[in-house]
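Structure first, then comments.
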Amino acid sequence: MTYITKPRLHHPLLAPNALGFTRRDYEGKVSTLCAGCGHDSISAAIIQAAYELDLPPHRLAKLSGIGCSSKTPDYFLGNSHGFNAVHGRMPSVLTGASLANRELIYLGVSGDGDSASIGLGQFAHSVRRGVNMTYIVENNGVYGLTKGQFSATSDPGSKSKRGVVNHDQAIDLVGLALQLGASFVARSFSGDKDQLTPLIKAAISHKGAAFIDVISPCVQFNNHVGSTKSFDYVREHNAALNRLDFIEPREEITVDYAPGEVEIVRQHDGSILKLRKLSAEYDPTDRISAMGHLQLHQARGEVVTGLLYVDPDAKDLHDHLGTVQKPLNQLGDAELIPGPAALAAINDSLR
Amino acid sequence: MEPTNTEAPDYFHKVVDCQWACPAHTPVPEYIRLIAEGRYSDAYMINWKSNVFPGILGRTCDRPCEPACRRGRVEDQPVAICRLKRVAADNKDDIRGRLPRPARIKNGKRVVMVGCGPASLAVARDLAPFGYDITIIDQDPKPGGMIRSQIPRFRLPESIIDEEVGYITDLGMTLRQGERVDSLKALLDEGYDAVFVGSGAPRGRELSIPGRQEAAAHIHIGIDWLSSVSFGHTDKIGRRVIVLGGGNTAMDCCRTSRRLGGDDVKVIVRSGFEEMKASPWEKEDAMHEDIPILNYLVPKEFTHENGRLTGVTFEKVHAVYDAKGRRDLVPTGEPDQHFECDDVLVAVGQENAFPWIERDIGLEFDKWDMPVVNEITMGSTHPKVFFGGDSAFGPKNIIWAVAHAHQAAISIHKLLSGEDVDDRPPPGVTLASQKMGIHEWSYDNDISNDARRRVPLRDKAEALSNVKLEVELGFDVKLAFQEAQRCLNCDVQTVFSTPLCIECDACVDICPVDCITFTSDGEEAELRERLKVPARNLTQDLYVSTELPTGRVMVKDEDVCLHCGLCAERCPTGAWDMQKFLLSVTQVEDICASRKMAAE
Ligand SMILES: Cc1cc2nc3c(=O)[nH]c(=O)nc-3n(C[C@H](O)[C@H](O)[C@H](O)COP(=O)(O)OP(=O)(O)OC[C@H]3O[C@@H](n4cnc5c(N)ncnc54)[C@H](O)[C@@H]3O)c2cc1C
Ligand SMILES: Cc1ncc(C[n+]2csc(CCOP(=O)(O)OP(=O)(O)O)c2C)c(N)n1
Ligand code: SF4
Ligand code: SF4
Ligand code: SF4
Ligand SMILES: [Mg+2]
């Protein structure tokens, strides 16, 4: 960690976005995580994504649980809303917040312990309900904050820093998310911001439950030989499916690719996902084949990254429930107390 | 790109923008830190070694360091480097015990200097402690050259000149003030082992337009007039004064006039206001004293009545640029303008004059009638004669005179030690880690957000009442501390070690000014555009590593690095380290010290 605050001075050529903010304006407090922590790189990618999307900071709410990863919302988007929930309980708080005010953009930030160990049930239900959110797990395979115990995503056979071998099966959050009906599923690596940043932008623009598993080496407890979440291991075993270019609705798309090399997916808000294929046969809009591909390559010891699955026309929890468009705290007496006639109509319908 | 060779002494030196820009390469951040610590004497001595006249320069330096200062690239204003130097001089203790002592034994070599300005004095300082028998001959009544004769007392009190010139003359030398050298040949015939010509550029340029002769009694050549003010021969001027010219002499002339009875003083220049030779702060100071500066007016005629000056007529011009961007001043066709006045000060330039150097003694002159001088050794084509200061390449300033002098002193020392004058000693360089703990550095890496402090001035009415009253009061200790904290410590270098880097990106993420990029290698021009923020300041280098395990390279744009050390704090492996680079230009003293060590 660092004791001085990050200097305010910035590069004179740093470009402002459409709102007049530079990237520096999307930063938060200076991080207190260990030097070199992958989580800090993910924070940097979130900052970059929000800046590039011209997000008004007050339009976004960042929610997290407990853990080093869950501390990070303090280190980005310092002018956005935030909620630090109990360990593993972020998904319920996020679901509730989303129901109360569907006008905000919801960003859930969690760890592998927070989401796959103590919070597994919460995670599963928020995904299967299709809460409109971007859910990022900063996955380091350990409980970083409590000093490096194996978490539920540690691969069997991987070794702790002190040489202890993990025998438990790993929970694959990406596989789970696919099964549970997430409509946007991706995996990335904290050490590859070129891949991660467009994925975050696409996820934020996506309507529905968007899940990104970001492998994020813990330099203190899980970056040694024998770990499957180290910088070296991930770089050696990374099997990227595609490179994503995220194109905002207002931008022109230029067609500069040969057919078959690129797949274009248009999302509900008009944004375009331009996927340069790295794996020839892969179709990111086919959930079943995505699951198959994942299983196959994971069995070969590969770390599959990229945009695994997207359903551009997905429905979300609000669609399912038919909820009111306005945030609840903006509803007036007229909407909240519709009067005896409305009550009578409801009663009639139940007779 | 080729990986950067940080071993080459110029690489890190260039990063210390102020030191690189200082002709004498004063280690600026080193003394600024000492000022912040309140160690004024130590800060003074660092300056004294490099630039010889800290108290004088702290008030008068042309400060090439300030436009170069990095702080000016990350916010509006550079660090007030020059005025911080003055703080060291103002607040030091008695440092005489720390100065070199006169040589106990003379080495039998006789060196003579023509002129006793900063150039000659600095050569004398470098040589005297090592036993040289030094004689300085100067036509003025007192030593100091233009420091004493030209720079007005309200900018530089005489006590400061006496003090700092005294530190040098106390080293033991013969001063022959009030004596003109009329023949270099005769001087050489006196058997000196070496001659240093530090005679300056003592002639003010004339303005030969109609009326010059007739109204001569009230038309004065600026530098002659200033010198007669300095030496007390002139103490008043007419009420209405026109100063012609836009350089620093013009600025000193107009401000001096304001103090000698001129209450309607104007500066009138041919060029545009922006292109004037005077520094922006000099123009500001003049305007602050209610002196208007009128531009694009070319003097045509001095008007006079019964032999008395009545004013000056000007032609109005405007600037026209040709395809190559060259400027031409073209009459606008408007009617001429006439300004009434009682006196005119002509400050339209300064020239060298060497009527006392014979052209047949083996000392070559070029087609502009300037001596041919080697820019490195300061030697002329005569083996025993060296030049420095304004006499060498035309009028410059004090700090250039000092820089020349150090080199000339080395040349003279080498010549008289029977060594090759062209074999120049490399600078002394050290590089040392500043790490004190995990997040502790030997320097204050917390960047101050403060804007540049203004130097407090004396009340205007009081300042204008007496030509000898210093206008600037100088920073007090508190302001000095605040200003010193603005320095970015550019000498504390970011040093990268490829084998230690695990490419975690932590340094990239934390860097407040986006200096660092990990990317594939490429040609410089193209690489510069591919960085996190494009590196468009081509005067600043890229620091490029050797290839990393992912096949990429680390590229750091030195341009706006704040030297905050956050990259090194964030690096989990110590691949970045903050190391202090200290470069000292080798002087005669260092050559003698290393020789003494070798002998012991
Ligand atoms: C009005 C004015 C203001 C200036 N203000 C500044 C300023 O604020 N900051 C700055 O850095 N620079 C300033 N300068 C420039 C600066 O004064 C000179 O660049 C500097 O003094 C040059 O030093 P020097 O040792 O080469 O020569 P000088 O200082 O010119 O000294 C040369 C000496 O040699 C003597 N001399 C010449 N010929 C002979 C001879 N034949 N025999 C005997 N003696 C001789 C001269 O009388 C003089 O005393 C100013 C100049 C002027 C004219
Ligand atoms: C209810 C509860 N149980 C246990 C803890 C202790 N605890 C704090 S953080 C943490 C694990 C966090 O792991 P993860 O989510 O992977 O975050 P990381 O620090 O690795 O980023 C645990 C078990 C707690 N704070 N609350
Ligand atoms: S910030 Fe300090 S070290 Fe850097 S150039 Fe300016 S004065 Fe020199
Ligand atoms: S010292 Fe390091 S972190 Fe600070 S500005 Fe320079 S490169 Fe960036
Ligand atoms: S922080 Fe250190 S290890 Fe990480 S990328 Fe930068 S130099 Fe390399
Ligand atoms: Mg974890």
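The values are calculated or read from the model by the stated rules, or taken from the named source; none is laboratory data. None of these values were measured; they are calculated from a predicted model. All Cβ positions, even for glycine, are placed from backbone atoms using ideal geometry, and neighbour counts span all protein chains on display.
Does region B:559-566 contain any residue that is under 16 Å from B:HIS439 (Cβ atoms) and over 29 Å from the mean Cα position of the chain (by Cα)? Yes.
Quickly run through region A:22-54 and pick out the residues that are away from chain B (no Cβ under 12 Å) and under 16 Å from the mean Cα position of the chain (by Cα).
From region A:22-54, those away from chain B (no Cβ under 12 Å) are A:25-26, A:28-29, A:49-54; that's our starting set.
Matches in region A:22-54: A:ALA49, A:ALA50, A:LEU53.
The residues listed here are B:ALA480, B:ALA525; of these, the one that is part of a helix (DSSP H, G or I), more than 16 Å from ligand 5 (Cβ to nearest atom) and surrounded by 20 or more Cβ atoms within 10 Å (Cβ to Cβ) is B:ALA480.
For (1) away from chain A (no Cβ under 11 Å); (2) more than 30 Å from B:GLY38 (Cβ to Cβ); (3) under 30 Å from the mean Cα position of the chain (by Cα), each residue gets a yes or a no:
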| position | (1), (2), (3) |
| --- | --- |
| B:VAL477 | yes, no, yes |
| B:GLN482 | yes, no, yes |
| B:GLU524 | yes, yes, no |
| B:ARG536 | no, yes, yes |
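Every condition in (1) buried (at least 17 other Cβ atoms within 10 Å of the Cβ); (2) within 12 Å of A:ASN222 (Cβ to Cβ) is met by A:LYS147 except one, and the failing one is (1).
The test for being within 12 Å of chain A (Cβ to nearest Cβ), under 18 Å from B:ASP577 (Cβ atoms) and either touching a strand residue (DSSP E or B) at 6+ places or on another chain (Cβ under 6 Å) or within 16 Å of ligand 6 (Cβ to nearest atom) (or both) holds for B:CYS515.
So is B:THR332 in contact with a strand residue (DSSP E or B) (Cβ under 6 Å, 6 or more places away or on another chain) and closer than 15 Å to B:GLN213 by Cα or not? Please lay out each step first, then the result.
Working: in contact with a strand residue (DSSP E or B) (Cβ under 6 Å, 6 or more places away or on another chain): yes; closer than 15 Å to B:GLN213 by Cα: no.
No, not satisfied.
Inside region A:214-327, counting only strands (runs of 3 or more DSSP E) that do not spill past its ends, which hold 3 or more residues that are away from every other protein chain (no Cβ under 14 Å) and surrounded by fewer than 18 Cβ atoms within 10 Å (Cβ to Cβ)?
On the way: elements: A:238-240, A:242-247, A:262-266, A:272-277, A:303-310.
Qualifying strands (runs of 3 or more DSSP E): A:262-266.
Which one is nearest to B:CYS487 (Cα to Cα), of the residues in region B:545-572 that are at the interface with chain A (Cβ under 7 Å from one of its Cβ atoms) and in contact with a Ser or Thr (Cβ under 9 Å, 6 or more places away or on another chain)?
Here is the first cut: in region B:545-572, the residues at the interface with chain A (Cβ under 7 Å from one of its Cβ atoms) are B:550, B:560, B:562, B:564, B:566, B:569-572.
From what's left, in contact with a Ser or Thr (Cβ under 9 Å, 6 or more places away or on another chain): B:566, B:569-570.
Values: B:LEU566: 16, B:GLU569: 20, B:ARG570: 22 Å.
The residue in question is B:LEU566.
Checking each residue in region B:484-500 for being within 12 Å of another protein chain (Cβ to nearest Cβ) and buried (at least 22 other Cβ atoms within 10 Å of the Cβ) picks out B:ARG486, B:LEU488. With a requirement of 1 or more residues that are of a type in the set (Lys, Arg), the strands (runs of 3 or more DSSP E) lying completely within region B:312-422 that satisfy it span B:327-331. Cβ-Cβ distances below 7 Å connect the following pairs, each with a first residue in region B:539-561 that is not assigned by TED's automatic domain parsing to the domain that holds B:ASP76 and basic (Lys, Arg), a second residue that is crowded, with 18+ Cβ neighbours inside 10 Å and not in a strand (DSSP E or B), and a separation of six or more residues or different chains: B:LYS556/B:CYS515. Scan region A:74-119 for residues that are on the phi > 0 side of the Ramachandran plot and not small (Gly, Ala, Ser) and report the count. Total meeting the criteria: 1.
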